[in-house]
Amino acid sequence: MARKARTARKSVARKGAAGKAAPRKRMAATATAAAKASNGHDTLREVEQLLYRQAECLDGKRWQDFIELFASDGTYWMPAAPEQTTGEGVPSIFWEDRDLMTVRLKRLTHPRAWSQRTAWGTNHVIGNVTIEREDARSGDLVVRSRFHMMEFRNDTTRHFAGSYVHHLKRTRDGHRIRLQRVDMVNAQGPYEYVLQAWV
Amino acid sequence: MAVDIGLDVVRAVEPDRVHRSVYSDPGIFELEMERIFNKVWTYVGHESQVPNVGDYWTVQIGRQPMVMVRHADRSVHVLYNRCPHRGAMLYGDRCGNVGKGIICSYHSWQFDTDGSCKAIPLDKGYQGTRLTPGDDNTNIKAAARVGSYRGFVFASLSADGPSLVDWLGPAKVAFDDMCDRAPEGEVEVVPTCFRVIQQSNWKIFLENQLDSLHPAVTHESTGRAAGEVEEEISRKGGHAPLSYHFLSAFATPITKWDAFQTLGYPRGHCILTGYMGLRPRDPDTLAYEKVMEKAYGKQRMEEILGVNIHHVLLYPGLSVQSPLQQLRAVRPLGVDRTLTEIWHFRLKGAPEAIYRRALGYYNLVNSPSTMVNADDLWNFWKCHKGLESEGGDWVSFHRNAGQDHETKEVTTSVIGTSEQPMRNQFKAWTQYMNGAH
Ligand code: FES
Ligand SMILES: [Fe+2]
């Protein structure tokens, strides 16, 4: 188990390196100027790559890799209502630390998770990435982005879209997610079926 | 040869099996709307959803769009969400406050929060017509009857039938158990409603609620997953929150569910007894018991906390999990589509930790990211598809049939996994479909 986790972490790091080398279009150069100046490298590009990697983990169903992107005290949160400011003590659609994420992983991969028997897949597209805050001393970041996710399950297509806010913490192996807030524009509607994995 | 019963609801139900058409025939579904949902008491909402004068929540009873609204004298009214002029719905949103009164967005007829018409613009236009301002047919039509039990509001579209309390019968324990667990004797709503639609007939949901034969099978994956992480946490010297136990209990081996018991009451209401360790000896529970003892005295507190209920089913539209203060209201949308509205309540006067403990269950089991209902809903869809097929005519409820202990007021199953609750529900179904109230 521990060994598997280490391998997963390594593979995430490797993909990060490959991602950085990918050709990039001109994007929000001025917005990142400050970040660049303060720490000598392109923070925006780095966090974009992290968000894309996270999306790839979900679409590739690499659940352990997804969990590894979170700090050891990290939380994945989808509020029940947009006006909520914390998941503490209020209903949430997701409010999961890494232990609960591990429960979800183990369920999803259990041979008798019956509803996993039908073919399903997702496609995430992430955009509008902006750095909202950067702590010059610690390197911690607050990053806002938009996502569009299409899911195909059991011969039915569903769409989920909304915003992410990632609170990132700088660690020795790059940024880790301390808190990811997911606000779906269609979160309050009735759900045709449910959400089995993170969005 | 396939048995075709048409709309013959008498032939459809036998004591130990029912014909598949009761789940799949759109004609029978229409009869159910008329003979069951237009008659019974339907759960509308909790009084605390509309705390202020003019607050409203829209809700569906059977096929009817309704609105629950708080009137100036603090009474709660349940009205048809329909303008008496040309029939527009008065509210297209889910909830809010009517402000100065109910105003129709089409031609501005105005109403008070009890449905009475206050003003019709340019009412000269009605002079000499058959419509007289002030007539009852200028008022918003109200539900035939409205009742409230310990803050839970019900309405019936039929003027005849038993009172709410008589209709609830012994199953009113759902609300007594929930409210008594509050040191102040009442609960208030947590203002979030999760809504989940299942692609199946409404009865499949109700039958599943007290089906203790299924958790060990359907929810094995989640039960085991939670159990493993729970163990891992304690191996590392930590203490997993009770939420893990709520989930891991689903993997309780199938043989153990027999130790529980189901009770069937008149009108299809049922109870599944037994619960999964809701009274641990942790500091949170002990602090709660202190507050409870202060409010009720030791003996009464023991009685209250000793109530042994898992689920109460109020047939045909409500499933209550009183020890966790949660309920699911069932709104049939069509023969093969059913909406559930899922609510959580706070025990007034109880410590925050007790609310949070139940909240863990609400988030993990009852939210749209549920790790439990995901597999139930999958089964419901598969059941419905199977029952649309001609692969067989009958649905079997033979398990422990003929072994139930029956008195006039209660039918008790011999074992927890008996199909007695389903038989009890169909007994009521038959009575309603044959014209009973
Ligand atoms: S339909 Fe409501 S005022 Fe005309
Ligand atoms: Fe279940």
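Label separation (B:Tyr106 vs B:Ala142): 2.3 nm, computed from points 7 Å beyond Cα along the C-beta direction.
Based on the Cβ-Cβ distance of A:Asp73 and B:Asp258, what FRET efficiency does E = 1/(1 + (r/R0)^6) give at R0 = 60 Å, to the nearest 0.05? That pair, A:Asp73 with B:Asp258, gives E of 0.90.
A simple charge model with +1 on the Cβ of Lys and Arg, -1 on the Cβ of Asp and Glu and nothing else charged puts the dipole of the protein assembly as shown at about 2500 debye relative to its Cα centre. Remark: for residue pairs B:Lys141/B:Lys172; B:Lys298/B:Lys348; B:Lys118/B:Lys141; B:Lys294/B:Lys348; B:Lys298/B:Lys408, the C-alpha separation exceeds 22 Å in B:Lys141/B:Lys172; B:Lys298/B:Lys408. For the range A:134-166, the list of trypsin sites (Lys or Arg not before Pro) that fall in a loop by DSSP and count at most 10 other C-beta atoms within 10 angstrom reads A:Arg137.
Taking 30 Å as the cut-off for C-alpha to C-alpha distance, list the pairs among A:Lys106/A:Lys169; A:Lys106/B:Lys290; B:Lys256/B:Lys382 that go past it. Result: A:Lys106/B:Lys290 exceed 30 Å. Positive-end ranking of B:Leu242, B:Ser396, B:Gly268 along the dipole of chain B, with charges on Cβ about the Cα centre, is headed by B:Leu242. Taking amide H as placed 1.01 Å from N in the peptide plane, B:Phe154 has its amide H under 5 Å from the amide H of B:Val44, B:Gly147, B:Ser148, B:Tyr149, each at least 5 places away in sequence or on another chain. Stretched out straight at 0.36 nm per residue, the stretch from B:Ser75 to B:Arg11 would grow longer than its current Cα-Cα span by 18.6 nm. A simple spin-label model places pseudo-atoms 7 Å from Cα toward Cβ; at A:Arg137 and B:Asp114 they are separated by 6.5 nm. Rounded to the nearest 20 debye, the dipole magnitude of the range B:169-433 is 340 debye, with +1 charges on Lys and Arg beta carbons, -1 on Asp and Glu beta carbons, and the Cα centre as origin. Go ahead and collect, in residue order, the members of the range A:141-161 whose backbone nitrogen is under 19 Å from a label point 7 Å along the Cα-Cβ direction of A:Arg117. What the label zone holds, given the 19 Å backbone N cut-off, is A:153-156. Per-residue mean of foreign Cβ neighbours for A:85-98 is 4 (Cβ atoms of other chains, 10 Å radius). Annotation: Cα Rg of the protein assembly as shown relative to the compact-globule expectation 2.2 N^0.38 Å equals 1.06.
Each peptide in B:129-141, A:97-109 receives the mean, over its residues, of other Cβ atoms within 10 Å, and ordering these scores from highest gives A:97-109, B:129-141. Amide H to amide H, with H built 1.01 Å from N, A:Asp140 comes under 5 Å of A:Asp135, A:Arg170, counting only residues 5 or more places away or on other chains. Ignoring solvent entirely, what values of log10 I(q)/I(0) come out of the Debye formula for the range A:40-184 at 0.09, 0.11, 0.19 Å⁻¹ when each Cα is a single scatterer? Reported log10 I(q)/I(0), two decimals: -0.29, -0.44, -1.30.
Between A:Arg158 and B:Arg281, the distance separating the two model label sites (each 7 Å from Cα on the Cα→Cβ line) works out to 4.4 nm. Between the alpha-carbon centres of the range A:104-142 and the range B:164-183 there is a gap of 42 Å.
In a DSSP loop and with at most 15 other Cβ atoms within 10 Å, the GluC sites (Glu not before Pro) in the range B:340-434 are B:Glu390, B:Glu409.
Within chain B, no whole DSSP H helix has Cα atoms reaching 30 Å or more along its own axis together with a mean Kyte-Doolittle score of at least -0.5.
Based on Cα atoms of the range B:169-433, Rg over Rh with Rh as the Kirkwood radius reads 0.96.
Counting, for every residue in A:101-112, the Cβ atoms of other protein chains within 10 Å of its Cβ and taking the mean gives 6. For peptide B:226-235, the mean count of partner chain Cβ atoms within 10 Å of a residue's Cβ comes to 3. Proximity of backbone amide H atoms, modeled 1.01 Å from N, is registered between B:Phe397 and B:Arg17, B:Val18 at under 5 Å, excluding neighbours fewer than 5 places apart on the same chain. Here's the picture: a label point sits 7 Å out from the Cα of B:Met33 along the beta-carbon direction, and within the range B:325-360 the residues with their amide nitrogen under 13 Å of it are B:332-337. Tell me, what are the semi-axes, in whole angstrom and largest first, of the equivalent ellipsoid of the range B:42-149 as set by the roots of 5 times the Cα gyration tensor eigenvalues? Semi-axis lengths for the range B:42-149 are 25, 14, 12 Å.
We did not get these values from a lab; they are worked out from the coordinates using the rules stated. Owing to the predicted nature of the structure, the values given are computational and were not obtained by experimental measurement. All Cβ positions, glycine included, derive from the backbone under ideal geometry; neighbour counts span all protein chains shown.
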